[in-house]
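Asks: Questions regarding the structure given below will be posed in turn.
The values are calculated or read from the model by the stated rules, or taken from the named source; none is laboratory data. As the structure is a computational prediction, the values presented were derived from the model and not from experiment. Cβ coordinates were reconstructed from backbone atoms using ideal geometry, including for glycine residues, and neighbour counts include every protein chain displayed. Surface areas here come from the heavy atoms of the whole protein model, side chains and all, with no ligands, DNA or RNA. Shrake-Rupley method; radii C 1.70, N 1.55, O 1.52, S 1.80 Å.
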Amino acid sequence: MTITQLRYFMIAAQMENLSGAAEALYITQSSLSKKIASLEKELGVPLFDRKGKSVRLNAAGEHFLAGCRKILGEVDEVLEEIQQYSETGDTRIRIGAEGEPGLLLAWMADFRAAHPEVSYEIDSSLGSKENPDINEYDVMIYPQSHRYDKFKGYPFYTETFFLAVQENDPLVQKGPVSNRDLNGRDLVFLREGEDRYEYPCQVCRALIIKPGREHFTDSELLKRRLISEGIAAGFVSSEMAELYQNDRQIRLLPLISSRFTRQMMICFKRKKHLSGLAAEFCEYVSGRCSLTET
C-alpha cells in the first residue's frame, strides 16, 4: 500500500465517479480502476458499491476513508516540516550583477544584521556570460537592454558615469566634459571578458570617440592607480564615486552626453525555487523599493 494509492482512493471517494476522478488525476479510468481494485485486494474487502461508472463508499470504505484522512494529514504535516528544514538549511544568497549592486549593498548589510547566518555569493561577471540564467542566482542586477529582455525585471536605479582625471588635468577647470573633449585623450577601461568591456567603452565606440591611447585592465584598483598617476583618464560609475572621491589626486567630472547614463534593473528567481532565507531576502528588498514591472 502506497501514499499514492491512498490519495487516488480519496479522490475517487470524494467524486463518486471514476471517470471524473481519473480526469482530475490525469490518468485513464481503466488505470484508476486497476489501482483501486489492487488496494481492495490488498485489504481483502471491497470499499465501494459500484453501479455503472458511479461508485459509492460502503461501510468499510467510509471507515477506511476516515483513516486515510488521518494518515495523509500526518504525512502532509511531516512533509511540510521536512521542506522547512530544506529551505532553512541553505543560508547562501546568490547575486549576479553586471554593473554595481547599488542600494542592494546597504540592504544586504541590514539583512545580515537581522540574519547573521546568511552568506552572500556575488558574481560580478554577468556581463561576460553568453546566456545569463536567473536560475543560477536568487537575484540579478543588470542594465536595461535587449540582452536581458527575457527576464521579468523591475527598474532599480539609474547609473550615471563621470570622467575621472588626475587633479592637475586641464579639464578640471573646464567643467562638464563633452564628447569632443574625450577625443585624443588616453583612456583606461575595465575588461569584463575576452571581448567585453565596461559600458563606457561601448559608449565611446558607439559615439565614434577616438582616444589617443586605450589602456585595459581587469582590476578596479589598478584602473584607479593609472588615473591617479595621470597615465590615463577613466570612467567611474555613480555607485563607485565615493571610492574615487577619497583619492585626493583624482577629480570626478560630469559628462554632457546622456549616453553615459543607463537604467539598471533587478529581477528575482521564482519564489518556489528560492530557499526560505533567499525568499525572505527577496521580499525584504522588494519592500524597500517600489518595483514596477517593465
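Asks: Pull up the range 231-248, narrow it to residues that are over 28 Å from the mean Cα position of the chain (by Cα) and at pLDDT below 95, then point me to the one that is farthest from ASP169 (Cα to Cα).
Replies: Applying the filter and picking the extreme gives ASN246.
Asks: A follow-up question, please. With respect to VAL172, determine if the residue is more than 14 Å from the chain's Cα centre (by Cα) and free of Cβ contacts under 8 Å to residues at least 40 places away in the same chain.
Replies: no
Asks: Output the residue which, of all residues in the range 168-192 that are of a type outside the set (Lys, Arg) and touching an Asp or Glu at 6+ places or on another chain (Cβ under 9 Å), is nearest to ARG213 (Cα to Cα).
Replies: Among those residues, the one meeting the criterion is ASP186.
Asks: In the range 116-168, which strands (runs of 3 or more DSSP E) lie fully inside it and hold 3 or more residues that are hydrophobic (A, V, I, L, M, F, W, C), open to solvent by less than 10 Å² (accessible area, probe 1.4 Å) and closer than 19 Å to LYS269 by Cα?
Replies: 139-143
Asks: Which residue is farthest from CYS282 (Cα to Cα), if the candidates are limited to the range 45-97 and must be open to solvent by less than 40 Å² (accessible area, probe 1.4 Å), modelled with pLDDT of 85 or more and in a strand (DSSP E or B)?
Replies: Once the filter is applied, the top-ranked residue is ALA97.
Asks: Also, quick follow-up: Step by step: first the residues of the range 98-115, then only those that are more than 29 Å from TYR199 (Cα to Cα) and among the hydrophobic types (A, V, I, L, M, F, W, C), then the one that is surrounded by the most Cβ atoms within 10 Å (Cβ to Cβ). Which residue is that?
Replies: In this case the residue turns out to be PHE111.
Asks: Can you say whether ASN183 is over 24 Å from ARG288 (Cα atoms), surrounded by fewer than 18 Cβ atoms within 10 Å (Cβ to Cβ) and without any contact (Cβ under 8 Å) to a residue 60 or more places away in the chain, as far as the supplied structure shows?
Replies: Spelling it out, ASN183 is indeed over 24 Å from ARG288 (Cα atoms), surrounded by fewer than 18 Cβ atoms within 10 Å (Cβ to Cβ) and without any contact (Cβ under 8 Å) to a residue 60 or more places away in the chain.
Asks: For the range 10-28, which residues satisfy the criterion of being touching a Lys or Arg at 6+ places or on another chain (Cβ under 8 Å), part of a helix (DSSP H, G or I) and without any contact (Cβ under 8 Å) to a residue 60 or more places away in the chain?
Replies: LEU18, SER19
Asks: So, one more: Can you tell me which of (1) surrounded by 18 or more Cβ atoms within 10 Å (Cβ to Cβ); (2) within 20 Å of MET108 (Cα to Cα); (3) of a type in the set (A, V, I, L, M, F, W, C) is the one ALA241 doesn't meet?
Replies: All conditions pass for ALA241, except number (1).
Asks: Would you confirm whether or not the range 279-290 contains a residue that is in a strand (DSSP E or B), without any contact (Cβ under 8 Å) to a residue 40 or more places away in the chain and either closer than 17 Å to GLU159 by Cβ or out of contact with any helix residue (DSSP H, G or I) (no Cβ under 8 Å at 6 or more places or on another chain) (or both)?
Replies: Among the residues of the range 279-290, not one is in a strand (DSSP E or B), without any contact (Cβ under 8 Å) to a residue 40 or more places away in the chain and either closer than 17 Å to GLU159 by Cβ or out of contact with any helix residue (DSSP H, G or I) (no Cβ under 8 Å at 6 or more places or on another chain) (or both), which makes the answer no.
For (1) of a type in the set (Lys, Arg); (2) touching a Ser or Thr at 6+ places or on another chain (Cβ under 6 Å), each residue gets a yes or a no:
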{"residue": "CYS201", "(1), (2)": "no, no"}
{"residue": "ASP218", "(1), (2)": "no, no"}
{"residue": "GLU229", "(1), (2)": "no, no"}
{"residue": "PHE235", "(1), (2)": "no, no"}
{"residue": "SER238", "(1), (2)": "no, yes"}
{"residue": "ALA241", "(1), (2)": "no, no"}
{"residue": "TYR244", "(1), (2)": "no, no"}
{"residue": "ARG248", "(1), (2)": "yes, no"}
{"residue": "SER257", "(1), (2)": "no, no"}
